[in-house]
1. Excluding residues fewer than 8 places away in the same chain, name every one of the lysines whose C-alpha is closer than 16 Å to that of Lys19.
2. In the range 1-124, what percent of the accessible surface is made up of carbon and sulfur (1.4 Å probe, ligands and nucleic acids excluded)?
3. Residue by residue, what Karplus-based ³J(HN,Hα) values in Hz, rounded to whole numbers, does the range 190-196 have, using 6.51, -1.76 and 1.60 with θ = phi - 60° and x for Gly and Pro?
4. Quick check: residue separation of Phe78 and Val47 times 0.36 nm, minus the Cα distance between them. What number comes out in nm?
5. Within 10 Å, at most 14 other Cβ atoms, and a DSSP state outside H, G, I, E, B define an exposed site. Report the longest part of the chain free of exposed trypsin sites (Lys or Arg not before Pro).
6. For the chain, take N as its residue count and report Rg(C-alpha) divided by 2.2 N^0.38 Å.
7. Could you list, in their original order, any pairs among Lys119/Lys273; Lys7/Lys135; Lys117/Lys263; Lys6/Lys119; Lys62/Lys108; Lys6/Lys62 whose Cα atoms are separated by more than 20 Å?
8. Quick one: give the max-minus-min coordinate of the C-alpha atoms of the range 111-211 along each principal axis, largest first, in Å.
Amino acid sequence: MAILLKKTDRVAVQGITGKYGSFHARLCMEYGTKITAGITPGKGGGVFDQVVPLFDTLKEAKEKTGCNVSLIFVPAPFAVDAIMEAVSSQMDLIICITEGIPLQDMAKVKRWISPRKIKLVGPNCPGVITPGESKAGIMPGYIHRPGKVGIVSRSGTLTYEAVWQISRLGLGQSSCVGIGGDPIHGLSIREVVEMFWEDPQTEAVLIIGEIGGMEEQQAAQWIKENPKKPVAAFVAGLTAPSGKRMGHAGAIILGQSGTVEAKLEAFREAGIKVIPSVSEIGKGVYEAIEQWNLKKMIL
């Protein structure tokens, strides 16, 4: 069961005629995603790849095509306006891939959407995939296989590595959600874990965290208070120097709370299987499942 993106969802791509938007829209369509509209101001009335109708606004696209999911590839200076437009158009799910949105702009978006309970994924994220059903993002579809492990991650590249290892073990994934590496973003790790808790297909969860912020600790505390399924976790950045900004905007250690050690300690206290290295992610998920005597799920 998909927690965010279903096979029947109708996806509109904001920025579909741009370099990245067009490239990844085609890959999504090849995977089976129902791309029903493209949004590029000034190009309304055209057709993308002779298949997808183009519109000047998302509101018009929704009225004409019934799209309910927005996938955003709009350049950073205009991405916030694209998110706002998607919110105003009452999309069920908004996924913003764009990297480099200024924090003060995202802070305004966050304040604006918080009372509306909008499901925003990203920005600066790989997107969402429900293996075998639909993908809305930039992840390579061929490495995924349908299964019972739910993945929530702050890192795109590490998500792909984890998926590859898990697929090779024959476990597969129920849904994979890349929430993004920026310090201010939409859905949090805890919110996605809560969705996996309610998903009957998901029988185990993998969390991939990074240095910086408190999201991992907040998720760990919630899992500790609501134990229901086996969870494994990996946190990137063990050797990162304190105070130095890394590749992701959110990956900066401020004080002790954002360190890898603090996050791993929170996971251990919550009974979560801590994975020591990136090469052991698949093995760690397998061991977490074994600890809960759920090996039968592998078959």
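1. The reachable lysines, counting only those whose Cα sits under 16 Å from Lys19, are Lys43.
2. Numbers: 3280 of 6010 Å².
Percent of accessible area from carbon and sulfur atoms in the range 1-124: 55.
3. So the Karplus estimates, Gly and Pro as x, are 4, 5, 6, 4, 4, 5, 5 Hz.
4. Numbers: separation 31, 0.36 × 31 = 11.16 nm, distance 2.24 nm.
That works out to 8.9 nm of additional length.
5. Here the longest run is 118-227.
6. On the way: Rg = 18.7 Å, N = 299, 2.2 N^0.38 = 19.2 Å.
With N residues counted in the chain, Rg over 2.2 N^0.38 Å equals 0.98.
7. Working: Lys119/Lys273 28 Å; Lys7/Lys135 9 Å; Lys117/Lys263 27 Å; Lys6/Lys119 14 Å; Lys62/Lys108 25 Å; Lys6/Lys62 17 Å.
Beyond 20 Å between Cα atoms: Lys119/Lys273; Lys117/Lys263; Lys62/Lys108.
8. The principal-axis extents, from largest down, are 42, 27, 26 Å.
The values are calculated or read from the model by the stated rules, or taken from the named source; none is laboratory data. Model, not experiment: these values are computed from the prediction. Using ideal geometry, Cβ is built from the backbone for each residue, glycine included, and neighbour counts are taken over all protein chains shown. What goes into the accessible areas is simple: the full protein's heavy atoms, side chains included, and nothing from ligands, DNA or RNA. Shrake-Rupley method; radii C 1.70, N 1.55, O 1.52, S 1.80 Å.
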